[in-house]
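Values in this text are rule-based calculations from the coordinates and carry no lab data. Given the structure is predicted, the values throughout are model-derived calculations rather than measurements. Cβ: placed from backbone, ideal geometry, glycine included. Neighbour counts: every protein chain shown.
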Amino acid sequence: MSDLAARKDAARKAAFARRKPIFDSANAAQAGYLSEVLAGHRGVPVSGFMPIRTEIDPRPAMVEASAYGPVGVPVITGPDQPLRFARWTPDTPMIAGAFGAAVPERPEFFDPEIVIVPLLAFDLAGGRLGYGGGFYDRTLEQLRARQATLAIGFAFAGQQDDDLPLEPTDQPLDMIVTENGVIDVVRT
């Protein structure tokens, strides 16, 4: 294992440990600021995510956004492949997908212009530490090559970590939204 891989592994373990107690004390209002951000983009195709483990829950904001335009969720199609996004509504029949995240039973795929990205840790420059599969990095790179795509990291404020082990292939976030507010990314 390379030094960077070892640092990422240690950072992931620490991030999981940091996120668990925050998740345990979360309340239903955690997606309020995300709803406000999405309200400024009504009708723009957006993809949220079905939370797994101790992830913050974007579904209340997704339900609201679905009243104005297409909303989707990511679907993993295979290892080392970019994600695809399947349309979702609060009434969509769901089944278990890869890694335990629910996906639509009969997916209808589309390309979102806004991608709400789950994460383990973030920094104020838009760096993101994910689970290590590279799915969002590949996907954001591909989407951004075709069209303007806004990547919004959605996390608990306590997931901020200003010493992330990043590499050149890591796609930056454009904005971070937490239960405490909106963080405008400042790239250095």
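At a threshold of 8 angstrom on Cα-Cα distance, excluding pairs fewer than six apart, so keeping six or more, what relative contact order does the chain reach in percent?
Numbers: 378 pairs, mean separation 42.6, N = 188.
Rounded, it is 23 percent for the chain.
Give me the number: length gained by fully extending A145 to A28, i.e. 0.36 nm times residue separation minus the C-alpha to C-alpha distance, one decimal in nm.
Details: separation 117, 0.36 × 117 = 42.12 nm, distance 3.59 nm.
Residue separation times 0.36 nm, minus the Cα-Cα distance, leaves 38.5 nm.
Could you state the angle between the C-alpha long axis of helix 135-146 and the longest principal axis of the C-alpha atoms of the chain, as a value from 0 to 90 degrees rounded to the nearest 10?
For helix 135-146, the angle is close to 60 degrees.
Roughly speaking, what is the centre-to-centre gap between segment 27-73 and segment 136-176 when only Cα atoms are used, to the nearest Å?
17
Relative to the longest principal axis of the chain, what angle (0 to 90°, nearest 10) does the C-alpha long axis of helix 3-24 take?
In the chain, helix 3-24 runs at an angle near 60 degrees to the longest axis.
Which order results if S35, S47 are arranged by neighbouring Cβ count within 10 Å, fewest first?
S35, S47
Using only helices, what value at 222 nm comes out for the chain when you add -39,500 (n - 2.57) per DSSP H run of length 4 or more and divide by the total residues, to the nearest 500 deg cm²/dmol?
Roughly -8500 deg cm²/dmol at 222 nm, from the helical runs in the chain.
Convex hull over the Cα atoms of segment 46-188, averaged projected area in nm²? Write down the numbers at each step before the final one.
On the way: hull surface 33.7 nm².
Answer in nm², one decimal: 8.4.
Which residues in segment 120-158 place their backbone N less than 15 Å from a point set 7 Å from the Cα of M1 along the Cα-to-Cβ direction?
Zone members listed by number: 131-133.
Starting from segment 16-113, pick out the GluC sites (Glu not before Pro) whose DSSP state is loop and whose Cβ has at most 10 other Cβ atoms within 10 Å.
Working: sites: E36, E55, E64, E105, E108, E113; in loops: E55, E105, E108, E113.
Here the sparse-neighbourhood loop sites are E105.
Quick one: which residues, 5 or more positions from G72 or on another chain, have an amide H under 5 Å from its amide H? H modelled 1.01 Å from N in the peptide plane, none for Pro or chain starts.
Under 5 Å from the amide H of G72: V46, S47, G48, W88.
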